[in-house]
Amino acid sequence: MYYLKNIATIIIVLSIISCEESDNPLEVTPINATELSNLNQVTDNEGNAYSVGFDQVSGINQNPFVKKKDSDGNQIWRVIYENTAVDGRANLITLDNSGRPWVIFSVDGGSNSGDYIDKKEVFENAFSNVYMSGYGSGGGAKVSIIARLNPENGKIEKGSFITARLSSGNTNSLNITKIGFKNDLFAFETSTAAWPPYIGKSFQQFPDITNADRIENAFKIYYEMKSDLSEVTSAVLMTE
């Protein structure tokens, strides 16, 4: 069962099976967990296969890639999204109703290189007007990026960082564990040891949670986000 905490109100969500929309974003019913996935390979309706992973370029450094093959197994493209001294990985992938690939990357901070993930293989303004346009301060912790890719060439059409924060305000690790779609919204689950984000058009700390809300030493949250990645519309604290 999921519980939602607001500053002054605790709403018990009675059913996780129904996908009905609510007029109140704080009363959202999460997708049934079985409708979210943690896949690293998917196939579209034309038989094209997309897969994600990373190249181990040194003993302490990884570079993320996504590749696309046609139905005969021929490689159409293979794109490396970050080629710096910091670590990066491509972890999860899913397809939307239009067959476009959506990928979850993880990346460390601490690089201003033109080969960083928000600069290397992106369309112009891909990280503009989104929930989090950059990594933030206090580089080093591994955070997540939600990215919609162009199926023709693999470049990032739209992307947003998703991070947690320490009490100091510095960026801290956030791991996206499952992804999917609820109607036109991008849905995902996260796990983080630091304070997680909340709803809105920019980072705000999830209100009214304490260390007692952790599961196995982490806050686990279900989110829904607009498909242009401009706003988190729902955030539900998971309790099991």
Sorted by chain and number, the residues with a modelled amide H under 5 Å from that of Thr177, at a separation of 5 or more or across chains, are Glu189, Thr190, Ser191
HN-Hα J in Hz across region 163-176 - Karplus 6.51, -1.76, 1.60, θ = phi - 60°, x for Gly and Pro: 10, 9, 9, 6, 4, 6, x, 6, 4, 9, 5, 9, 10, 8
Here the relative contact order (percent) of the chain, from C-alpha pairs under 8 Å and at least 6 apart, is 17 percent
Residues with amide H under 5 Å from that of Asn91, placed H, sequence gap 5 or more: Ile104, Phe105, Ser106
Of Glu121, Glu216, Glu35, the one that fluctuates the most in a GNM where the chain has Cα springs shorter than 10 Å: Glu216
Residues Asp118, Asp44 arranged by fewest to most Cβ contacts within 10 Å: Asp44, Asp118
Candidates Gly154, Gly139, Gly109: whichever shows maximal mean-square fluctuation once the chain is modelled as a Gaussian network with Cα springs under 10 Å: Gly139
When Met132, Met238 are arranged by how many other beta-carbons sit within 10 Å of their Cβ, fewest first, they go Met238, Met132
Please arrange Trp102, Trp77 by how many other C-beta atoms lie within 10 Å of their C-beta, fewest to most. Trp77, Trp102
Pop out the ³J(HN,Hα) list for region 137-144 in order, Karplus 6.51 cos²θ - 1.76 cosθ + 1.60 with θ = phi - 60°, rounded to Hz; leave Gly and Pro as x. 8, x, x, x, 6, 8, 10, 10
Going residue by residue through region 212-221, the Karplus relation 6.51 cos²θ - 1.76 cosθ + 1.60 with θ = phi - 60° gives ³J(HN,Hα) values, rounded to whole Hz and with x marking Gly or Pro, of 5, 8, 6, 10, 6, 6, 9, 7, 10, 10
Amide H contacts of Lys142 (H built 1.01 Å from N, under 5 Å, at least 5 apart or other chain): Ser173
Quick one: which of Lys119/Lys142; Lys67/Lys158; Lys67/Lys201; Lys120/Lys220 span more than 29 angstrom between C-alpha atoms? Lys67/Lys201; Lys120/Lys220
If you work out mean projected area of the Cα convex hull in nm² from the coordinates, which of [x] 13.2; [y] 14.3; [z] 16.6 do you get? [x]
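Bear in mind that the values in this text are calculations on the coordinates, not laboratory data. Bear in mind the structure is a predicted one, so any value in this text is a computation, not a measurement. Using ideal geometry, Cβ is built from the backbone for each residue, glycine included, and neighbour counts are taken over all protein chains shown.
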